[in-house]
Amino acid sequence: MADGSDDYVYDEASGEWRPTSDIAAATAVMDLVVTDSAGNALADGDSVTLIKDLKVKGAGQTLKQGTVIKSIRLTDNPDEIDCRHEAIKGLVLRTEFVRKR
């Protein structure tokens, strides 16, 4: 329950009075847009292609340019995406190195 220190705002979408902190948090999540190197919006489940060769730290491998990564997951950081590759588990890629397929 709120401690009474919050201001309340009428939310027309839900028809309820909500604390301003809830409205601000919901707006921040909606404003988070993750884009690839070309500026295309990315979403969970999209497929991406690597635009350059990347050395994977800890795996001793290099992912080649043109490698397709399927079923990405967005993270809280708009500059990073979680990925799976058959040879590497727990792969996190920077969005500046991928292009949406």
Select from segment 24-43 the residues that are modelled with pLDDT of 90 or more and exposed (fewer than 10 other Cβ atoms within 10 Å of the Cβ) and list them in ascending order.
-> 38, 39
Filter segment 56-79 for residues that are under 17 Å from residue 32 (Cα atoms) and surrounded by fewer than 15 Cβ atoms within 10 Å (Cβ to Cβ); the one that is modelled with the lowest pLDDT is 76
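Looking only at segment 54-101, count every residue that is assigned to a strand (DSSP E or B), in contact (Cβ under 8 Å) with a residue 60 or more places away in the chain and polar (S, T, N, Q) and tell me the total.
Adding up the residues that qualify gives 0.
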Looking for whichever is charged (D, E, K, R) and either in contact with a Phe, Trp or Tyr (Cβ under 7 Å, 6 or more places away or on another chain) or modelled with pLDDT under 90 (or both) here; the options are 11, 46, 82, 53. Which one fits?
-> 11
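The values are calculated or read from the model by the stated rules, or taken from the named source; none is laboratory data. In this text, all values refer to a predicted model and were calculated from it rather than measured experimentally. Here the Cβ is made from the backbone with ideal geometry for all residues, glycine too, and neighbour counts use every protein chain on show.
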